[in-house]
Amino acid sequence: MKEEILFEIASLSREPLRVKGFRFGQKDSTPSCVIVGPIAGNGINQLWIASRLVNFLRQKELENPSLFKGEILIIPTVNPYSFNMSKAFWPMDNTDIDVMFPGYEQGETTQRIAARLFEKTNNFDYALLLEARKDHSECIPYVKVLDTGDDSAEEARDFGLDFIHSRKPTTHDTVSLSYNWKIWNAKSFTLVSGKKGSLDKGDSRKVFDAIIRFLCKKEIINLPIFECSKGNIITNENIEVIKSGTAGLFDSLVPVGEHVIHGQPIARVYHSLDGSLLQTIIAPCDGIISCRYDYPLIFQNAIAFRIIRLESKI
Amino acid sequence: MIEEVFRVNLPVEEQLTLKRNRFSPIDRDAAGQKRISIVTGIHGDEIEGQYVCFLLAKWLNENPDKIHGIIDIYPAMNPMGVDSITRGFPFYDVDLNRVFPGSTTDFLPAQVANGIVQAVKGSDYAIDIHASNIFLKELPQVRISRSNADELVPLAKKIGIDFIWVHDAVTVLESTFSHTMNTLGTKTLVVEMGVGMRITKAYGQNLSEGILNMMSQVGIINRPLTPQGKTSISTLNSQVHFINSPSAGVFIPSLEHNVIVSKGEKLGEIINPLLGEVKDVLLSPCDGLLFTIREYPVVYEGSLIARILEDRKEI
Ligand SMILES: [Zn+2]
């Protein structure tokens with residue numbers, strides 16, 4: 001393993017922002033894979049996964065360097081500054097680095113960070129991004145694939161996770177890291193899991209295992225693995241969005257990942273002063289809770305749940 | 001007349017409301033009346049528009065007989081943000097000006113955006129007043145996307161503002177209030193002026209005079225035109241230069257705002273307070289109009305220091 005400082009950004013009173021990479025295998029050997037940890041400073045699960053990967057691969061490389069066939073670069077995070085202040089976005093101006101890609105070396109600070117990160121990561125065969133959901137929800141671990149007409153969704157089965165969410169890019173995606181990787185011909189996958197600002201070691205372990213499995217299937221490393229799920233490729237058409245009809249105290253009755261049946265009560269919303277029951281949220285279909293609102297106070301029309309519909313195939 | 005255009009329950013006790021003040025002609029024959037909407041406070045930390053709304057409403061209160069059309073004034077599109085120095089939409093931490101046209105069934109910021117669109121829809125004109133942010137101070141200016149330039153530049157000239165910036169269209173700006181309203185047939189101008197969290201009285205006075213002049217020229221009010229300053233306009237030929245900080249430090253400006261700068265003239269310094277050293281000296285790359293200058297002193301590498309319009313064209 002080679003630990004390197006990929007780039008730095010100076011600050012007035014703090015130590016410079018240092019973005020570190022951990023490189024395994026021979027530089028420029030193929031196939032190659034870059035793994036980028038959380039861009040937002042509240043992706044604790046993702047930071048955990050990335051640092052466990054560094055630790056695990058370092059141990060394996062010490063034991064037997066010949067297990068590494070291709071090159072792997074892990075960048076656990078590009079945003080230590082935000083992590084150290086418990087902020088999601090860039091501490092100075094609250095901008096999201098993940099809307100600055102491919103970046104601009106002559107531009108604003110976060111555009112320059114994006115440009116430097118992109119320059120270090122845009123020449124790999126595979127590019128993985130670890131991400132917490134950006135909205136107020138926690139979710140099961142899944143692979144997100146931007147459907148640009150290639151076979152990435154099929155290839156995502158090599159992670160062995162239960163669900164692969166394939167969706168068409170929107171205008172917002174055009175400035176994201178994963179989209180720009182694709183434009184530059186890397187096979188790009190985003191692994192989404194958990195809840196912002198918290199650590200779930202169980203779900204994080206699933207993502208960790210999925211990445212090791214993927215690296216083995218792609219013959220970048222050679223390690224024994226268990227086979228896992230074949231993966232269900234789903235689109236937005238397979239997802240039922242359930243909103244809260246009212247604002248108040250949100251009491252969820254089911255965890256994410258739970259199988260629910262049509263008609264089952266899945267949450268209650270109470271009046272926050274007099275305690276009266278305002279609404280019982282009912283599952284509108286059979287399926288699996290893939291996402292759940294992550295805060296005990298809920299707004300009217302906020303998305304309370306997403307359910308992946310269980311549908312009979314004809 | 002104060003009207004409520006949107007209301008929704010918040011989780012604890014309170015309701016979020018959007019209000020406007022509507023001024024109509026005394027003689028109520030509404031046929032053929034033109035309508036203008038003055039909108040501000042989409043970014044909760046931008047306060048300059050509050051003073052403009054006040055001055056306009058004050059004039060309209062005092063001159064009901066001179067009103068020939070409908071004038072709607074919306075001072076606070078992001079009410080929780082305005083009342084709490086929060087730029088984005090609180091809780092969701094999203095930029096309200098990136099969720100237009102919004103939707104009644106989407107998350108709260110989108111419901112608010114939709115409420116604004118439904119209320120303003122049908123206006124002949126709209127003016128969306130912004131105040132930059134806390135980092136930059138802007139000369140009063142109207143910003144117009146290149147694709148709308150033919151229609152909107154003549155309207156912007158009626159305001160007699162210091163500067164009209166015709167910029168290239170950016171995909172992410174399709175989710176702004178102004179893009180949505182222009183698409184729906186309301187001629188919408190975006191004004192940027194001053195600095196976040198502050199009121200620059202002279203700018204507010206000039207802009208409210210300019211808006212009254214514009215309303216006179218399109219027949220919404222009846223008032224003799226007052227003299228206005230000169231307008232610079234960026235065209236395809238003139239060039240806007242961006243000056244970004246080459247290093248981290250504290251920016252100490254050398255120039256005041258609204259000045260014509262010469263090529264090579266000193267704009268300011270980046271200093272290091274710990275070392276007592278000047279790290280960089282920033283010079284103007286061209287002759288031109290300095291229309292943006294850094295207000296918040298602490299900078300990183302890349303922080304925007306100034307924008308200069310080269311080749312000032314007077315019209
Ligand atoms: Zn603004």
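Structure above, values below:
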| item | result |
| --- | --- |
| So B:Ile26, is it open to solvent by less than 10 Å² (accessible area, probe 1.4 Å), more than 14 Å from every other protein chain (Cβ to nearest Cβ), touching a residue at least 12 places away in the same chain (Cβ under 8 Å) and not in a helix (DSSP H, G or I) | no |
| Residues of segment B:4-16 that turn out to be touching a residue at least 40 places away in the same chain (Cβ under 8 Å) and either within 14 Å of chain A (Cβ to nearest Cβ) or farther than 29 Å from B:Asn133 by Cβ (or both), as a count | 3 |
| Odd one out for A:Gln279, checked against (1) open to solvent by less than 70 Å² (accessible area, probe 1.4 Å); (2) more than 14 Å from chain B (Cβ to nearest Cβ) | (2) |
| For B:Ala119: the one exception among (1) open to solvent by less than 20 Å² (accessible area, probe 1.4 Å); (2) assigned to a helix (DSSP H, G or I); (3) within 14 Å of another protein chain (Cβ to nearest Cβ) | (3) |
| Residue identified as β-branched (Val, Ile, Thr), within 15 Å of the chain's Cα centre (by Cα), more than 14 Å from chain A (Cβ to nearest Cβ) and open to solvent by 10 Å² or more (accessible area, probe 1.4 Å) among B:Ile127, B:Ile199 | B:Ile199 |
| Criterion: more than 14 Å from chain A (Cβ to nearest Cβ), within 25 Å of the chain's Cα centre (by Cα), in contact (Cβ under 8 Å) with a residue 24 or more places away in the chain and over 14 Å from B:Ile220 (Cα atoms) - qualifying residue of B:Lys34, B:Lys19 | B:Lys19 |
| Yes/no for A:Cys291 being free of Cβ contacts under 8 Å to residues at least 60 places away in the same chain, closer than 23 Å to A:Val145 by Cα and not in a loop (DSSP other than H, G, I, E, B) | no |
| Candidate set from segment B:268-284 (those that are out of contact with any Asp or Glu (no Cβ under 6 Å at 6 or more places or on another chain) and of a type in the set (A, V, I, L, M, F, W, C)); member that is surrounded by the most Cβ atoms within 10 Å (Cβ to Cβ) | B:Leu282 |
| Residue within segment B:56-65 that is within 14 Å of another protein chain (Cβ to nearest Cβ) and either part of a helix (DSSP H, G or I) or within 16 Å of the ligand (Cβ to nearest atom) (or both) present | no |
| Count of segment B:90-111 residues which are buried (at least 21 other Cβ atoms within 10 Å of the Cβ) and under 14 Å from B:Thr176 (Cβ atoms) | 7 |
| Hits in segment A:135-172 - residues which are within 14 Å of chain B (Cβ to nearest Cβ) and open to solvent by less than 20 Å² (accessible area, probe 1.4 Å) | A:Ser137 |
| Meets criteria (within 15 Å of the ligand (Cβ to nearest atom) and within 14 Å of another protein chain (Cβ to nearest Cβ)) for B:Ile85 | yes |
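The values are calculated or read from the model by the stated rules, or taken from the named source; none is laboratory data. Quick caveat: nothing in here was measured; it's all calculated off a predicted structure. In this analysis, Cβ positions are derived from the backbone assuming ideal geometry, glycine residues included, and neighbour counts consider all displayed protein chains. We work out accessible area using only protein heavy atoms, side chains counted, and drop any ligands, DNA or RNA first. Shrake-Rupley method; radii C 1.70, N 1.55, O 1.52, S 1.80 Å.
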